[in-house]
Amino acid sequence: MAFTFAALSYIVALIIDAFLIFFAIFHIIAFDELKTDYKNPIDQCNSLNPLVLPEYGLHLLFNILFLLAGELFSFFLNLPLLLYHIHRYRNRPVMSGPGLYDPTSIMNHEVLSQCQREGWIKLAFYLLAFFYYLYGMIVSLISAA
């Protein structure tokens, strides 16, 4: 059993993916609180916006590792979500700071529903990817022997 760069990239992806799962759950809970009027939009956007760039950066980090390790299938598996993140951030509302969520438009029913749906889809993707990365790590550790 040899430790390769591919195995390292899968281990890093597993750890980072656990954080991304937490981010997705936090987003889902935050949008549910908005939907039920438990929190006001300004406070909620102030807590969500600082998490957007770290989420995108972490996702980009382990995909760069996959690319450098030659794990092209894992990279191409993540490519649609990477492109969606780029598209989403480029088409964000005009704001003074980083982030995606504007307190003036977040209470719009269509925007809120779209954000909730996005959170659920990301959670499903990150959960499925977690188990795939676990499988990829085991295969890369066993096959390198």
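The values are calculated or read from the model by the stated rules, or taken from the named source; none is laboratory data. Here the structure is a predicted model, which means the values were calculated and not measured. Ideal geometry is used to build each Cβ from the backbone, glycine not excepted, and the neighbour counts take in all protein chains shown. Surface accessibility is based on the protein's heavy atoms, side chains included, excluding ligands, DNA and RNA. Shrake-Rupley method; radii C 1.70, N 1.55, O 1.52, S 1.80 Å.
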*asked:* For the stretch 7-62, give me the residue count where each residue is charged (D, E, K, R), more than 9 Å from the chain's Cα centre (by Cα) and open to solvent by less than 20 Å² (accessible area, probe 1.4 Å).
replied: 0
_Given the criterion surrounded by 15 or more Cβ atoms within 10 Å (Cβ to Cβ) and not aromatic (Phe, Trp, Tyr), identify the matching residue among Glu71, Glu110._
Glu71
*Qualifying position, being at pLDDT 90 or above and under 27 Å from Gln116 (Cβ atoms), among Ile64, Ile25, Ile42*: Ile25
*For the stretch 62-82, indicate whether the set of residues that are in contact with a Lys or Arg (Cβ under 8 Å, 6 or more places away or on another chain), of a type in the set (A, V, I, L, M, F, W, C) and touching a residue at least 60 places away in the same chain (Cβ under 8 Å) is non-empty.*
no
